[in-house]
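Every read-out reported here was derived from the displayed coordinates using simple, explicitly stated rules and does not represent laboratory data. Everything numeric here is computed off the predicted structure, so don't read it as measured data. Cβ sites come from the backbone with ideal geometry, for glycine too, and all protein chains shown count toward neighbours.
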Amino acid sequence: MHRWSQLFIPTLREAPADAEVASHKLLVRAGYIRQLGAGIYSFLFLGNRSTQKIMGIVREEMDKIGQEFYLPALNPREVWEESGRWTVMGDNMFRLKDRKGADLCLGMTHEEVMTDIARKELRSYKQLPQIWYQIQTKFRDEPRPKAGLLRVRQFIMKDAYSFDIDADGLDVSYQKHHDTYCRIFDRCGLKYMVIDAHSGAMGGSKSQEFMVRTPAGEDLVVSCEKCNYAANMEKAVSKLAPVEDLKPEGDGSPLEVHTPGQKTIEDVARFLGVSPKNKIKTLAMMITEQDAKTGKSHPRAVVLLMRGDHQMNEAKLSSAVGGKETRPMEEAEIRELFHSPAGYLGPLGIDWAKSMNDATKPILLVDKALEGRVNLIGGANKEDYHVKHLTPGKNFHPTAYVDLRSVTAGEECPNCGAPLRIDTAVEIGHIFKLGYEYSESMGARVLDRNGKEVAPIMGSYGIGIERILTAAIEQNNDANGFWLSPSIAPFDVVVVSTNPKDEKIRAVSEDIAKQLESSGYDVLLDDRDERPGVKFKDADLVGIPFRINVGKKVTEDTVEFVQRSTLQSSDVKISAITEYFRGLRPTAS
RNA sequence: CGGGACGUAGCGCAGCCUGGUAGCGCACUUGCUUGGGGUGCAAGGGGUCGCGAGUUCAAAUCUCGCCGUCCCGACCA
């Protein structure tokens, strides 16, 4: 049994001035953590107990599908050089030299080291599949650590790696992780979403993120009010309400109209008396491409057509152009391609590439929302003129129709039609089908059943341990403190002796604490010589889900049982306390 | 890395503009008091004013440099 009077639980009445988000303020106030430097935190007694419990759950669930390893955080340069990430990781990687001057780094993740083990040890398909995981400290020199434990430079991660003989095997390993992650986060008492994540530039690989809604989050997530549809902004799609196309005038062939000084979508729409939904928004961008033969890089125009009232999503654009960086065209580049000033740009009169590989010509990407639309209005590539009767596929030929549009809140869910919402969220887990990237770059090979040498296919899977704690606090807090699920709280229950000077109260508090402890619960006995008000405030602050107040009612053999989340209290007979508690928290840890 | 703010006792802050004895609340120590939502009284302890240089008879205060922390942005396998 733990006696508060003998513990170090430095609670604070006020939060440090530089804490902004709720979880940061409360973790410090509750005496869970103290800051050592930017993005570097010490865990004190309560904080450590809580993260240990989280790791316990992770370990228990992961042991059902994999094997726990423990890899070094200190890594030699060579393995990172082999994967190419010694360079790729840039300033995000902490680097150091040993006494001989050899380069080392602190591990940000462990694909390299795991793959190194795999390539040295795995020889046959008979040894596959393998799932190897570890719970270990990671180091990342974040450009901007922030928000307490939310973005830090040293943190604990459960990272796992799967090795399979083929894609079907990877599907199984991936699904196992998906299901295990759901069990882990359920057991931690989190409300979370599983979202389809940006699959990366190379395409094909599936990736999902486990996200928790919180105002402190750094990522935007689109989710459905009703069903379980959820995706990040780079992937999110929505159903669009049908738009009525304009009727053609005359023979319906492209018709220039004089629009003096009308440059913006709104201006033109108003001037012509149409909705922006019938207008084409033309965005002129540039990418840098490398010539496949010469290796020389040269700029290439990418023109986007969107519905007039839609916003372009840069991540979607980026994946549409193969992950290349894009930038807006400069004035001179616009004139060279369109022979027109900005404000009057359109798709007519330009010889667009027929495919992305048609490298000599500019690319025309048309948003899917314009596919099948007719009689749109766009720029005429001529100052003060626009063109009516533009129909994609008829008057001009897109290189491709792609989804380029940012979803906005309130649009319809693609699955069920209910309104979509957009929230900030924090990522607590990520599962990823890696493919052959590391097994190939680092030369891992096994023999398949035909005796042929093949690279094993990999997956990688991560959980941020501290982020589980942070997210849980973000989800469950009020002005006085926070409450954790008993599974991850430092203690199941705090027994408050409201008056330690009263012998009966003191003795009953001890008894109850002992009794609950012998029933397998983690009990904190607040035996401090403090006023009840102080103890109640502290109890409310530190995240323990249940409290037992031992007070005057001991003369009636009764104590108060308080649930932190609701602050509801009920009187319980002392003799029935263990049984009562078991009803609330059946699985003693 | 760009923009902004801050750095004075463990925590939260005032003092700086207009240079001259370093202050308040909480916390801490001792004694008494109180005992169901941060009790009251009294007496105490604790500060290289982030670091360095400069100006000055004199610098927490003015000037310059550096360091650190936070916020916004960029970045984020």
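One table, with the values for the structure above:
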{"read-out": "The range A:46-153: C-alpha pair distances exceeding 19 Å, %", "value": "58 percent"}
{"read-out": "Across chain A: Cys residues that no other cysteine approaches within a C-beta distance under 4.7 Å", "value": "A:105, A:182, A:188"}
{"read-out": "Neighbour-count ranking [beta-carbon atoms within 10 angstrom, fewest first] of A:111, A:314", "value": "A:314, A:111"}
{"read-out": "log₁₀ of I(q)/I(0) at q = 0.18, 0.20, 0.21 Å⁻¹ - the range A:297-452, Debye sum with one point per alpha carbon", "value": "-1.17, -1.35, -1.44"}
{"read-out": "Sequence of A:157, A:458 once ranked by neighbouring C-beta atoms within 10 Å, starting from the fewest", "value": "A:157, A:458"}
{"read-out": "Projected area, mean over directions - chain A, Cα convex hull, nm²", "value": "35.3 nm²"}
{"read-out": "With Cα atoms, 0 to 90° folded angle of helix A:45-62 axis to chain A main axis", "value": "60 degrees"}
{"read-out": "Extreme residue, positive dipole direction of chain A, given options A:377, A:214, A:311 (C-beta unit charges)", "value": "A:214"}
{"read-out": "Span from the the range A:138-215 Cα centroid across to the the range A:415-432 one, whole angstrom", "value": "14 Å"}
{"read-out": "Convex hull volume per residue for the range A:111-166, taking Cα atoms only, in Å³", "value": "98 Å³"}
{"read-out": "Radius of gyration and maximum dimension Dmax of the range A:472-538, Cα, Å", "value": "13.4, 40"}
{"read-out": "Relative contact order (%) - chain A, alpha-carbon pairs under 8 angstrom, separation at least six", "value": "17 percent"}
{"read-out": "The range A:443-511 and the range A:302-334: distance between their alpha carbon centers, rounded to Å", "value": "43 Å"}
{"read-out": "Magnitude of the charge dipole, the range A:11-60, Cβ model with Lys/Arg +1 and Asp/Glu -1, debye to 20", "value": "200 debye"}
{"read-out": "Helix-only [θ]222 nm of chain A, DSSP H runs n ≥ 4, -39500 (n - 2.57) each, per residue, nearest 500", "value": "-7000 deg cm²/dmol"}
{"read-out": "Euclidean distance of C-alpha centroids, the range A:74-104 and the range A:216-253, integer Å", "value": "44 Å"}
{"read-out": "Listed residue pairs exceeding 26 Å between alpha carbons, taken from A:226/A:537; A:235/A:433; A:239/A:361; A:158/A:239; A:53/A:537", "value": "A:226/A:537; A:239/A:361; A:158/A:239"}
{"read-out": "Sequence of A:436, A:192, A:401 once ranked by neighbouring C-beta atoms within 10 Å, starting from the fewest", "value": "A:436, A:401, A:192"}
{"read-out": "Nearest 10 degrees, 0 to 90: helix A:167-187 Cα axis against chain A principal axis", "value": "50 degrees"}
{"read-out": "C-alpha long axis of helix A:532-541 to longest principal axis of chain A, angle in °", "value": "30 degrees"}
